[in-house]
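Note sheet for the following structure.
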Amino acid sequence: MDELRIRGGHRLQGTVSVSGAKNAALPIMAATLAIPGRTILHNFPRLRDTNSMIQLLTQFGVAVEFLDDHTIALESSAVSTCRADYELVRTMRASVCVLGPLLASQGEACVSLPGGCNIGHRPIDLHLKGLSALGAEIVIDQGYIHASARELRGAEIYLSGPQGSTVTGTCNVMSAAVLSRGRTIIQAAACEPEVIDLGNFLNACGAQITGLGTSTLTIDGVRELQAVEYTIIPDRIEAATWMMAAGITDGDLTIEGVRDDHLTAAIETLRTAGLAIDLQDETARVRRAGDLQPLDVVALPFPGFPTDLQAQLTAMMCLASGTSVVTDRVFPDRFLHAAELLRMGAKIRRESSGVIIEGVNELSGACVMASDLRASAALVLAGLAARGETVISRIYHLDRGYEDLAGKLSRLDADVERQKGGRPNTPQFAGAPTPSASKTSSKG
Ligand code: UD1
């Protein structure tokens, strides 16, 4: 299994480009199941998760072709099966995003229930509630969701649960509603930029969705959608991870592909933490303005501070000059990284749905284990700042959401090496050409 070796203590410097947003690419790819013709997606992120979605779509009969490293064509005219097996769904929960598009276009879908998750309890009851409201009959049998509908009809749907709105649930219901007869109104819709990007994509294909970016979506069903060319938004989580990489290493990074309108809460929080962030067009220059300052932060649905940045912020606060409180109201149990950070000399205590972090003067390198995607990013940040060597195992989690992370870090003067069986290697994704920029370089 691959691991990442980081010899910490180097200030990151240089320019880094943010890849396309994983969480926008996945539901957009799934939506092409309901769009006859050839969809072309630009700024396509080359990730383990997008590769899993390619495998899933290929199984359904979608023809997939890379036009260049970051442009993909998806031709969905010959969809032949509607079944998503456990083997793929368990590796990527977002596979559930195929449910709505399959129901709308094929009248049926059979998708494995995703099962457990390292970041906490993740039910999909709201997805099913929304699709049922549109007229789907849903049966759960032997670990699979069997959904069918002769015709989907518009409905009024309230899509909130105990933790608020649901991102992929909104994507699923929206993707089905665009082809339902009549008007659908989704209340308590998720407002995340990735949901807006899916909505903008569907509208470009001929859908009629209004209210994107607000909690009320109004969707007037259309008879069919047409394939288009579309450019995926940059990944706001990757962008803010780079900001924190500059902060934790006392570096100086120029980050290209920063949508500040997608990052208002993150930028505000990081400035309060002592980072100087200069924004111009879609580029941010990030340095430290002084010592890292402690914070009291709560992760919330958009436009709040994102739960997908909570682990990285926790890592950065380990080196702040004082005591921080980080709470997660979206996934209250998403703190597996805390135990690994303790092994690197952090002072962290779990409390209710959060952690209390007492800043220390330095972290020390250690062997640590990645437990999920963002927890892995937190360990990378800690390793970059730590004294000595950090070895992060199970980095396939990182590959799910960060394109060529080791390569990008090396080009910013980090001392990192990706290793497999003691030898450096590059991740290979089945069915896709290796991007020219994804060679994993090593330093030191
Ligand atoms: C998406 C993102 C993930 C991010 C999360 C929250 C993708 C592919 N993944 O995940 O990176 O961390 O949003 O911003 O876009 N819930 C229910 N019932 C449901 C669905 C969700 O109770 O049917 C709860 C969840 O347990 C959680 C909260 O709602 O507490 C938000 O989850 P949700 O927005 O659905 O997360 P995902 O869409 O799975």
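The values are calculated or read from the model by the stated rules, or taken from the named source; none is laboratory data. Bear in mind the structure is a predicted one, so any value in this text is a computation, not a measurement. Here Cβ is always computed from backbone atoms with ideal geometry, including for glycine, and neighbour counts include all displayed protein chains. Areas reflect the complete protein model, heavy atoms only, side chains present, ligands, DNA and RNA absent. Shrake-Rupley method; radii C 1.70, N 1.55, O 1.52, S 1.80 Å.
Shape call for the range 1-141 from the C-alpha gyration tensor, a ≥ b ≥ c root eigenvalues: rounded (a/c under 1.5), prolate (a/b greater than b/c) or oblate? Before the final figure, lay out the partial values.
Numbers: a/c = 2.32, a/b = 1.44, b/c = 1.61.
Judged from the Cα gyration tensor, the range 1-141 comes out oblate (a/c at least 1.5, b/c at or above a/b).
Between residue 210 and residue 387, what is the label-to-label distance in nm when each label sits 7 Å out along the Cα-to-Cβ direction?
6.3
Shape verdict for the range 93-212, please, from the Cα gyration tensor: rounded (a/c under 1.5), prolate (a/b greater than b/c) or oblate.
Values: a/c = 1.63, a/b = 1.15, b/c = 1.41.
In terms of gyration-tensor shape, oblate.
For the chain, what is the calculated [θ] at 222 nm in deg cm²/dmol (nearest 500), taking -39500 (n - 2.57) for each run of four or more DSSP H residues and dividing by its residue count?
Here the helix-only value at 222 nm equals -8500 deg cm²/dmol.
List the residues whose amide H sits under 5 Å from the amide H of residue 365, counting only those 5 or more places along or on another chain, with H placed 1.01 Å from N in the peptide plane.
Long-range HN contacts for residue 365: 387, 388, 389.
Between residue 231 and residues 5 or more places away or on another chain, which pairs have amide H atoms under 5 Å apart, with H built 1.01 Å from N, and which residues are they?
Amide H neighbours of residue 231: 42.
Find the accessible area per residue for the range 341-391; the probe is 1.4 Å, ligands and nucleic acids are left out, and the unit is Å².
Accessible surface, normalised per residue, equals 38 Å².
Taking the 0 to 90 degree range and rounding to the nearest ten, how far is the long axis of helix 193-204 tilted relative to the main principal axis of the chain, both from C-alpha atoms?
The angle comes out near 40 degrees.
For the chain, how many pairs of lysine residues have a Cα-Cα distance under 28 Å, where the two are 8 or more positions apart or belong to different chains?
The number of close lysine pairs in the chain is 10.
Charges only on Cβ, +1 for Lys and Arg, -1 for Asp and Glu: so what's the dipole of the chain about the Cα centre, in debye to the nearest 20? Kindly include the intermediate steps, with their values, before the conclusion.
Working: 40 positive and 49 negative charges, 142 e Å.
In total the dipole reaches around 680 debye.
Through the Karplus equation 6.51 cos²θ - 1.76 cosθ + 1.60, θ set to phi - 60°, convert the phi angles of the range 350-362 into ³J(HN,Hα) values in whole Hz; use x for Gly and Pro.
The phi angles translate into 6, 8, 6, 9, x, 9, 10, 10, 9, x, 10, 6, 8 Hz.
For all pairs of alpha-carbon atoms in the range 249-390, what percent lies in each bin of width 10 Å, listed from the first bin to the last filled one?
12, 43, 36, 8, 0
Indicate the gyration tensor shape class of the range 22-231 (rounded, prolate or oblate), computed on the Cα atoms with a ≥ b ≥ c the square roots of the eigenvalues: a/c under 1.5 is rounded; otherwise a/b larger than b/c is prolate and the rest oblate.
Values: a/c = 1.29, a/b = 1.12, b/c = 1.16.
It is rounded, given that a/c, with a ≥ b ≥ c, falls under 1.5.
Collect residues whose amide H, placed 1.01 Å from N in the peptide plane, falls under 5 Å from the amide H of residue 298; neighbours closer than 5 in sequence don't count.
Close amide H contacts, sequence-distant or interchain: 327.
Using only Cα atoms, find the angle between the long axis of helix 48-60 and the longest principal axis of the chain, and express it within 0 to 90 degrees, rounded to the nearest 10.
So the inclination is approximately 20 degrees.
Consider all pairwise Cα distances in the range 188-278 and report the whole-number % of them above 20 Å.
Working: 2002 of 4095 pairs.
For the range 188-278, the fraction of Cα-Cα distances above 20 Å is 49 percent.
Over the alpha-carbon set of the chain, work out the extent along each principal axis and list the three values in angstrom, largest first.
On the principal axes, the chain reaches 63, 45, 42 Å in Cα extent.
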